[in-house]
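Working notes, beginning with the structure itself.
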Amino acid sequence: MLAVNAIEVFYGESRILNHLNLTVGEGQVVCVMGRNGVGKTTLLKTIMGLLAPRQGTIVFDGREIGGLTPYERARLGMGYVPQGREIFPSLSVRENLVLGARRKRPTPASLDYVLSLFPALSQMLDKRGGDLSGGQQQQLAIARTLISDPKLLLLDEPTEGIQPSIVQEIAGVLQRIKQERKRSILLVEQYLEFARSICDRFYVMEKGAVALEGDRGAFRIDEVSAFLSV
Ligand SMILES: Nc1ncnc2c1ncn2[C@@H]1O[C@H](COP(=O)(O)OP(=O)(O)OP(=O)(O)O)[C@@H](O)[C@H]1O
Ligand SMILES: [Mg+2]
């Protein structure tokens with residue numbers, strides 16, 4: 001589904017990603033962890049086409065996508081939920097959702113589907129995005145991306161600063177998307193119990209490259225957290 005091959009990404013002269021390799025299989029949930037500033041967001045932005053690698057390739061659905069814009073990648077089936085939510089605070093929940101649809105208006109089925117995933121949002125369609133709690137805004141940001149039914153969902157720290165009950169809801173939604181729609185998810189996450197509970201495979205980054213990787217069975221909280229502590 002997705003293969004990131006030996007990418008090198010720079011900000012100016014500083015090399016942020018250094019020969020990084022990562023794959024996401026069809027229908028898999030893959031978690032990426034690593035200390036603050038290690039390059040996790042840089043990785044997602046590069047996959048989405050917001051940053052260009054100097055070296056290396058990215059293959060999505062059997063096709064090398066290095067030359068495509070973020071918009072073209074979205075059309076091929078990538079959906080990106082950036083870190084820090086980035087919903088439109090002055091627009092209503094409904095307007096935020098409509099803006100996520102690739103076509104001018106979402107189909108009733110796609111709107112119903114995302115509201116079934118996040119029932120709390122259906123009570124708030126006319127509220128301003130900015131009036132929602134942080135956790136509700138995160139749910140809205142995810143719903144807005146899901147409305148176009150991406151084959152691969154890129155999620156950047158969806159649990160950051162969010163209360164535990166909503167973390168559980170988000171975990172349940174990601175499981176449902178995986179099981180019901182057989183979609184793939186690449187999740188950047190610092191909350192290790194959450195990551196372990198939903199991943200099929202995991203990666204830990206250090207110095208812009210992969211320091212540890214494995215299947216869910218090999219995910220040991222103590223070992224991973226040793227990489228995250230300073
Ligand atoms: N626009 C930018 N210009 C220059 N350097 C940047 C820019 N954005 C990020 N960086 C630097 O690149 C490195 C990687 O940043 P990145 O945001 O990818 O890390 P991260 O792993 O997502 O961190 P966090 O856990 O804090 O979200 C950091 O050292 C950061 O300071
Ligand atoms: Mg980040």
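Readers should treat all values here as calculations from the given coordinates under stated rules, not as data from a laboratory. Fair warning: this is a prediction, and the values are worked out from it, not measured in the lab. Note that each Cβ is placed from the backbone with ideal geometry, even for glycine, and that neighbours are counted across all protein chains shown.
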Next on the checklist: Among the residues of the range 193-203, are any surrounded by 18 or more Cβ atoms within 10 Å (Cβ to Cβ), among the polar types (S, T, N, Q) and free of Cβ contacts under 8 Å to residues at least 40 places away in the same chain?
Outcome noted: no
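So in the range 35-50, with the set limited to residues that are touching a strand residue (DSSP E or B) at 6+ places or on another chain (Cβ under 7 Å) and more than 6 Å from ligand 1 (Cβ to nearest atom), which one is farthest from Lys207 (Cα to Cα)?
Residues of the range 35-50 touching a strand residue (DSSP E or B) at 6+ places or on another chain (Cβ under 7 Å): 38-44, 46-48.
From what's left, more than 6 Å from ligand 1 (Cβ to nearest atom): 43-44, 46-48.
Values: Leu43: 13, Leu44: 16, Thr46: 17, Ile47: 18, Met48: 21 Å.
My answer is Met48.
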Checklist outcome for this item: Reported set for the range 116-126 where residues are assigned to a loop (DSSP other than H, G, I, E, B) and exposed (fewer than 15 other Cβ atoms within 10 Å of the Cβ) is Gln123, Leu125, Asp126
Checklist entry - How many of the residues making up the range 53-69 are in contact with a strand residue (DSSP E or B) (Cβ under 8 Å, 6 or more places away or on another chain) and not charged (D, E, K, R)? => result 9
Checklist outcome for this item: Within the range 38-72, restricting to residues that are exposed (fewer than 15 other Cβ atoms within 10 Å of the Cβ) and among the hydroxyl-bearing types (Ser, Thr, Tyr), the one that is farthest from Gly84 (Cα to Cα) is Thr57
